[in-house]
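Notes follow the structure.
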Amino acid sequence: MLTSESQAIAHKSIQERGFCILPQAMNHKTWQILSDSYALLMKESLEILSRVSQSDQSLSEYYKAGGEKLIVVPENGDSDKICRFEYISNHSEEIRDSVIPYFQEILSEITGSRFKLFKDKCNVKRPGGGAFGCHQDYPAYSDFIPDYHLTIAIFLDQPSISNGCLEMAKNWKSISDNLGALDSDYLGKSIFKRNPDSGDVLPEIADKFEWERILPAVNDIVLFDSFVPHRSSVNASDGSRRAYFFTFAPESSGDHYAHYYRVKRNAFDNPKFHLSTPTDRGV
């Protein structure tokens, strides 16, 4: 699917910076499946919010009650608005049987290794939707076996500065050489010190990052690992900024998708699952 030159460029960029853009890597069929699936998944998400709001349960209690349910996460301070929905592949046969294998093949071409889906979500950044603070993904995954992750981001709406595009720290590896900036709880890994409440990288560290705005075309793929610091601002446009994120872990570490979401349903209100996100913990 990718030329040998594209594979080499992507591999080098991931190793050196932790992220890359794969131009024109989305074929029309795959993009259309994701676009068509969005409406159905959003409909189910809204139905879940409505069902819970009309019950005597909190959203956290609803998920702790069990069941293979789509996970819906409202915006903080606006619980009738959806910030994201998760557990997507379990609810869409087309995504599970067509989109995921397509992405696995791309990862295999770039890395030479096989990957299994670890988690999936769609961030729904509506007009005025909240910002995502400067963070690294790894701390949210550290309780699980895989110690390396690659995320494929797909945008249904053209990212722009005004709608809160993704931003990546370009120089984070040089900053991580400063041992005083690293969290001692993650020995051997470049995890920066964070605010214990929000999960945001401490401002005095984040201020040292040089930021690159990620402005791909809608048929490009953005690929990043779980260590690169990233952020996005409030959607100040009058349109949406919808983005799918499919996170994979090495196949050699096992299949953890079902386990991850089982834990998440049972601990929906755990702050670890809401790091640096403008989300309501559903308490």
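Read-outs throughout are calculated quantities, based only on the coordinates presented, and are distinct from any laboratory measurement. Computed from a prediction, not measured in an experiment: that's the story for all the values here. All Cβ positions, glycine included, derive from the backbone under ideal geometry; neighbour counts span all protein chains shown.
Within the straight-line cut-off of under 15 Å between alpha carbons, the aspartates and glutamates reachable from LYS116 are ASP97, GLU105, ASP147, ASP225, GLU251, ASP255, sequence neighbours fewer than 8 places apart in one chain being disregarded.
Rounded, prolate or oblate: which fits the range 93-223 when a ≥ b ≥ c are the square roots of the eigenvalues of the alpha-carbon gyration tensor, with rounded for a/c under 1.5 and prolate only if a/b beats b/c?
On the way: a/c = 1.84, a/b = 1.27, b/c = 1.45.
It is oblate, given that a/c is not under 1.5 and a/b is not larger than b/c.
The slack between ILE145 and ASN27, meaning 0.36 nm per residue of separation minus the straight C-alpha distance, is 39.3 nm. Across the chain, Cα pairs under 8 Å and at least six residues apart give a relative contact order of 32 percent. You can think of it this way: the chain between ASP78 and ALA236 has 55.2 nm of extra reach, that is 0.36 nm per residue less the Cα-Cα gap.
In terms of the Cα gyration tensor, with a ≥ b ≥ c the square roots of its eigenvalues, is the chain rounded because a/c is under 1.5, prolate because a/b exceeds b/c, or oblate?
Rounded is the answer for the chain, as its axis ratio a/c remains below 1.5.
Stretch SER4-ARG51 to full length: gain in nm at 0.36 nm per residue minus the Cα-Cα span?
Answer, rounded to one decimal: 11.9 nm.
Here the sum of -39500 (n - 2.57) over DSSP H runs of 4 or more residues, divided by the residues of the chain, equals -8500 deg cm²/dmol at 222 nm, to the nearest 500. Counting neighbouring beta carbons within 10 Å and listing from fewest to most, the residues LYS125, LYS69 come out as LYS69, LYS125. Below 19 Å, Cα to Cα, which lysines can LYS43 reach? Residues fewer than 8 away in the same chain don't count. Qualifying lysines at Cα under 19 Å: LYS69, LYS81, LYS121, LYS125. Model label sites at GLU105 and ASP177, defined 7 Å from Cα along the beta-carbon direction, differ in position by 4.1 nm.
Across the range 42-98, the relative contact order, built from alpha-carbon pairs under 8 Å that are at least six residues apart, equals 27 percent.
Using a ≥ b ≥ c from the Cα gyration tensor of the range 209-283 (square roots of the eigenvalues), is it rounded, prolate or oblate, where a/c under 1.5 gives rounded and otherwise the larger of a/b and b/c decides, a/b for prolate?
Oblate is the answer for the range 209-283, as a/c is 1.5 or above yet b/c matches or exceeds a/b.
Centre-to-centre separation between the Cα atoms of the range 91-112 and those of the range 1-41: 10 Å. Going from the residue with the fewest nearby Cβ atoms within 10 Å to the one with the most, SER55, SER198, SER232 rank SER55, SER198, SER232.
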